[in-house]
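Colleague: Starting off with a structure, shown below.
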Amino acid sequence: MKYPNLFEPLNLGFTQIRNRAIMGSMHTGLEETENGFERMAAYYSERAAGGVGMIITGGIAPNEESGSENHAKLSTEAEADQHKIVTSAVHQKAPDVKICLQILHAGPLARTTASVAPSAIKSPISKFIPNELNTAGVEKQINDHVSCAVLAKKAGYDGVEIIGSAGYLVSSFLVQKTNQRKDEYGGSYENRMRFALEIINRTRQAVGTDFILIFRIAAMDMLQGGMSWEEVVTLAKRIEALGANLISTHFTWHESKVPTIATMVPRAAFTSVTGRLRRELDIPVITSNRINMPDVAEGVLARGDADLVSMARPLLADSDFMLKAREGREDEINTCIACNQACLDHTFSRITSSCLVNPRACHETQLNYLPAKLKKRIAVVGAGPAGLAYATIAAERGHQVTLFDAADEIGGQFNLAKKIPGKEEFYETLRYFRRMIELHSVDLKLGQVVTAEELMGDLFDQVVIATGVVPRKPEIEGINHEKVVLYIDVIKGNKPVGDKVAVIGAGGIGFDVCELISHSGSSGAVDRNVFAREWGIDFNNHPRGGVTGVEPVVAKTDREIWLLQRKVTPVGRGLGLTTGWTHRLSLARRGVKMLNAVEYVKIDDAGLHIRREEKTEILHVDTIVICAGQQSERSLFDTLRDSDLPVELIGGAYKAAELDAKTAIKQASYLAAEV
């Protein structure tokens, strides 16, 4: 077998996990939505059938004060009965797959005025000051965790995971900066551990020995003054001694200023930390973060970094990940690119999650690619994200699809994204679509500008226009000056870029251009050591939190770069909720100057004239890069729309906003499912 470690069963004594792959916990919003349990049943059972060994659900609160309004909780028999819909579906679809409930008490991060914590210390990312627990309150929280675990067992779950990381309640007891108590639950580390240890001890006693008990530990919490390595090891050993079956390692608090799951993070960047902890314990250990292909998972296991690998987003992107790996069909895996745009950004915006590359994720009861009742001959013009999604899904359903593109390669705007340092994962998406084109017999015609006359013959029953967008040039005096270049030419390397650069437009494209032109050498996304230096992580010595006292070492760009926008809002405000801060911080550390509320006066030999705060100044730049939005390219559609041939407009050609592959792929997928 190609991946012997990945597909080796793991014996826990009273039960066995069929392989070493776990679908890790990821809250999707299905937990709270209408018909949520039925939708979760479809979502999880599809992944169980896809070959994963064990599933850990999204976080479920053990009581009212541990979540937010309408947050999913498990504290009553009636709620347990609802969860049986999920566990029954998983066990019916794949009897040997384990499913565990994650018990998540948000503590100081709960979105409610009823939030509680060991001390009344507000988290930097919370709106509320939590209520400090008295002794009776601490006892209640312990008992509520235990009760939740008991109810989970009654609901048919094979186990529970208690999360002791990320800044949630259990972890806030462990760290001195958030635990200022003077009683037996505060002060010394022995006391600060007491809350977590009591939960594990009482839970094991309550659920018996035939129930999987997992504790998720912050193996490196990325906090200044966070947990020391000795404290991590001490806690893990004590948890083991109290009867936990598995320790799952986590690598951050939500307030940390170190990226751990964004696409700029190297694959498997943190697994060596798990490996170090594994050597201290006798029970199996789970690792996670940026493990998105079978060979990466196999390498982690082969090195001895973990006993199990947790992959949440990769199984969101492709429910058949493990089945494809077992059958040697890795090139058919729809790889997670760690963009976070449709998953975590949705979660933290309280929108039902999905996946940029797989819109079916979390929508399995709503979006299905069933065989077409009437097979059509369909021409798709444009092989960008929307065109690729439409063509491959329509062909999968049985339609005869011809895909045209004037370029000599598929991908459209993805071919720009893949060139940006830290976005190399887009190569995987293009590999996936190339394979789907082959697998579903799409007739691909590259380097061909197809005309309306060719389409209006009798070759096609329907035409889909996915011709995308073209850059928009703003109306600025001197916009055609020789200093001015479009972002496409900069990213493709078609035009030289000077030593002093002004980038007009601070959306995602503007940030990408700045990332590209400020970067020296290879991308930090491929080199773990470069990544660690740039974000101030010490993997070798493991100071408190992995970062305490470590200064980020970032190579300043040799260029002088200004990133400008007209909007008065802070630069980068419109970037992704969970990744935008990483891009802003990264560019700021390289010395990129970001200016908002800019009025562009004119461009001439002297440079870019701007007005800001009623003052006019000249940026003496060599190059002015235009990243000021896009216009739909729909000339072919306009020619065809009055013909008798059914024609549909999708993607950027339908709506030119900030380049938005998420919306384009989703729209194309739904339309292709219905044609």
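Since every read-out is calculated from the coordinates, none of them should be taken as a lab result. The shown structure was predicted, so the numbers you read here are calculated from the model rather than taken from an experiment. Here the Cβ positions follow ideal geometry from the backbone for every residue, glycine too, while neighbour counts run over all protein chains shown.
Colleague: Based only on the alpha carbon positions, what is the Kirkwood hydrodynamic radius of the stretch 266-364, in angstrom? Working shown, then result.
Modeller: Values: mean 1/r = 0.0696 Å⁻¹.
One over the average 1/r among Cα pairs gives 14.4 Å for the stretch 266-364.
Colleague: Quick one: the Cα spread of the stretch 117-205 along its three principal axes, in angstroms, biggest first?
Modeller: Sorted from largest, the Cα extents of the stretch 117-205 read 37, 28, 21 Å.
Colleague: If you wrap a convex hull around the C-alpha atoms of the stretch 10-348 and split its volume per residue, what is the figure in Å³? Before the final figure, lay out each step's value.
Modeller: Numbers: hull volume 41.0 nm³, N = 339.
Hull volume normalised by residue count: 121 Å³.
Colleague: For the chain, take the longest principal axis of its alpha carbons; what is the angle in degrees between that and the long axis of helix 580-590, to the nearest 10 within 0 to 90?
Modeller: 70
Colleague: Ranked from highest to lowest mean number of other Cβ atoms within 10 Å per residue, what is the order of the peptides 187-193, 341-347?
Modeller: On the way: 187-193: 15.7, 341-347: 22.4.
Packing proxy ranking, top to bottom: 341-347, 187-193.
Colleague: Another question, then. When only alpha-carbon atoms are used, what values of Rg and Dmax, in angstrom, describe the stretch 518-630?
Modeller: 17.5, 53
Colleague: Using only the alpha carbons of the stretch 1-132, determine the length spanned along each of the three principal axes and report them from longest to shortest in whole angstroms.
Modeller: 53, 31, 25
Colleague: What do you get for the angle between helix 229-241 and the principal long axis of the chain? Use alpha-carbon atoms, 0 to 90 degrees, nearest ten.
Modeller: 60
Colleague: Any idea what diffusion coefficient the stretch 399-490 gets from Stokes-Einstein, in µm²/s, Kirkwood Rh on alpha carbon pairs, 4 °C, 1.567 mPa s? Could the numbers behind the result be given before it?
Modeller: Numbers: Rh = 16.1 Å.
Once the numbers are plugged in, D ends up at 80 µm²/s.
Colleague: Now, a different point. Please compute the net charge surrounding residue 354, taking Lys and Arg as +1 and Asp and Glu as -1 over other residues with Cβ under 10 Å from its Cβ.
Modeller: Details: positive: 360, 662, 666; negative: none.
Neighbourhood net charge equals +3.
Colleague: Same structure, new question: Using the C-alpha gyration tensor of the stretch 568-657, what are the square roots of 5 times its eigenvalues, in whole angstrom, with the largest one first? Please report the intermediate quantities before stating the final value.
Modeller: Numbers: eigenvalues 267, 85, 26 Å².
Here the semi-axes work out to 37, 21, 12 Å.
Colleague: What is the dipole size for the chain, taken about its Cα centre, with +1 at each Lys and Arg Cβ and -1 at each Asp and Glu Cβ, in debye to the nearest 20?
Modeller: On the way: 77 positive and 83 negative charges, 215 e Å.
Dipole of the chain, to the nearest 20 debye: 1040 debye.
Colleague: Now for a different question. Taking the DSSP beta bridges in the chain as the whole, what percent of them are antiparallel, to the nearest 5? The partial results should precede the final answer.
Modeller: Numbers: 15 of 79 bridges.
Rounded to the nearest five, the antiparallel share is 20 percent.
Colleague: Residue farthest toward the positive end of the dipole of the chain, with Cβ of Lys/Arg at +1 and Asp/Glu at -1: which of 650, 490, 13?
Modeller: Checked the options; the winner is 13.
Colleague: Which of 26, 227 comes first, and how do the rest follow, when ranked by fewest Cβ neighbours within 10 Å?
Modeller: Details: 26 21, 227 27.
So the residues, fewest neighbours to most, are 26, 227.
Colleague: Let me ask another. Where does the chain land on Rg(C-alpha)/(2.2 N^0.38 Å)? Numbers along the way, then the final one.
Modeller: On the way: Rg = 26.4 Å, N = 675, 2.2 N^0.38 = 26.2 Å.
Computed over Cα atoms of the chain, the ratio equals 1.01.
Colleague: Return, for the Cα atoms of the stretch 377-445, the radius of gyration and Dmax in Å, separated by a comma.
Modeller: Gyration radius and largest Cα-Cα distance of the stretch 377-445: 11.8, 40 Å.
Colleague: Taking the Cβ of residue 330 as the center, what net charge do the other residues with Cβ under 13 Å away carry, scoring Lys and Arg +1 and Asp and Glu -1? It would help to have the intermediate numbers written out before the result.
Modeller: Numbers: positive: 2, 324, 326, 329, 431, 435; negative: 295, 298, 318, 320, 327, 331, 332, 428.
Spelling it out: positives minus negatives among the neighbours equals -2.
Colleague: With unit charges on the beta carbon (Lys/Arg positive, Asp/Glu negative), name the residue among 291, 251, 340 whose Cα is farthest towards the positive pole of the charge dipole of the stretch 10-348.
Modeller: Farthest along the dipole direction, towards plus: 251.
Colleague: Sticking with this one: Please list the equivalent ellipsoid semi-axes of the stretch 207-343, computed as the square roots of five times the alpha-carbon gyration tensor eigenvalues, in descending order and whole angstrom. Walk me through the numbers before you get to the answer.
Modeller: Values: eigenvalues 137, 75, 35 Å².
They are 26, 19, 13 Å, listed from largest to smallest.
Colleague: In degrees from 0 to 90, rounded to the nearest 10, what is the angle of the helix 426-439 Cα long axis to the longest principal axis of the chain?
Modeller: So the helix axis and the longest Cα principal axis differ by about 80 degrees.
Colleague: Based on the Cα gyration tensor of the stretch 622-667, what are the three equivalent ellipsoid semi-axes, each the root of five times an eigenvalue, rounded to whole Å and given largest first? Please list the in-between numbers first.
Modeller: On the way: eigenvalues 148, 46, 5 Å².
Equivalent ellipsoid semi-axes, largest first: 27, 15, 5 Å.
Colleague: Roughly what % antiparallel, to the nearest 5, for the DSSP beta bridges in the stretch 10-348? Spell out each step's value before the answer.
Modeller: Values: 2 of 34 bridges.
The answer is about 5 percent antiparallel.
Colleague: Based on Cα positions only, what radius of gyration and what Dmax would you give for the stretch 144-295, in angstroms?
Modeller: Expressed in Å, the Cα Rg and Dmax of the stretch 144-295 come to 15.5, 49.
Colleague: Still on this structure: If you average 1/r over every pair of different alpha-carbon atoms in the stretch 49-107 and take one over that average, what Kirkwood value in Å do you get? Mind dumping the intermediate values first?
Modeller: Details: mean 1/r = 0.0803 Å⁻¹.
12.5 Å is the Kirkwood radius here.
Colleague: Treat every Asp and Glu Cβ in the stretch 10-348 as -1 and every Lys and Arg Cβ as +1, leave all other atoms uncharged, and give the resulting dipole magnitude about the Cα centre to the nearest 20 debye. Write down the numbers at each step before the final one.
Modeller: Working: 35 positive and 40 negative charges, 117 e Å.
Its charge dipole is roughly 560 debye.
Colleague: Grab the other residues whose beta carbon is less than 13 angstrom from that of residue 201, score K and R as +1, D and E as -1, and report the net.
Modeller: After counting each charged neighbour, the total is +2.
Colleague: Which residue, chosen from 135, 351, 157, occupies the Cα position most advanced towards the positive end of the dipole of the chain, where the dipole is computed from +1 (Lys, Arg) and -1 (Asp, Glu) charges on Cβ about the Cα centre?
Modeller: Looking along the dipole axis, the top candidate is 135.
Colleague: Can you order the peptides 402-410, 604-612, 55-63 by their average number of other Cβ atoms within 10 Å per residue, highest first? Numbers along the way, then the final one.
Modeller: Numbers: 402-410: 18.8, 604-612: 16.1, 55-63: 24.9.
Descending mean neighbour count gives 55-63, 402-410, 604-612.
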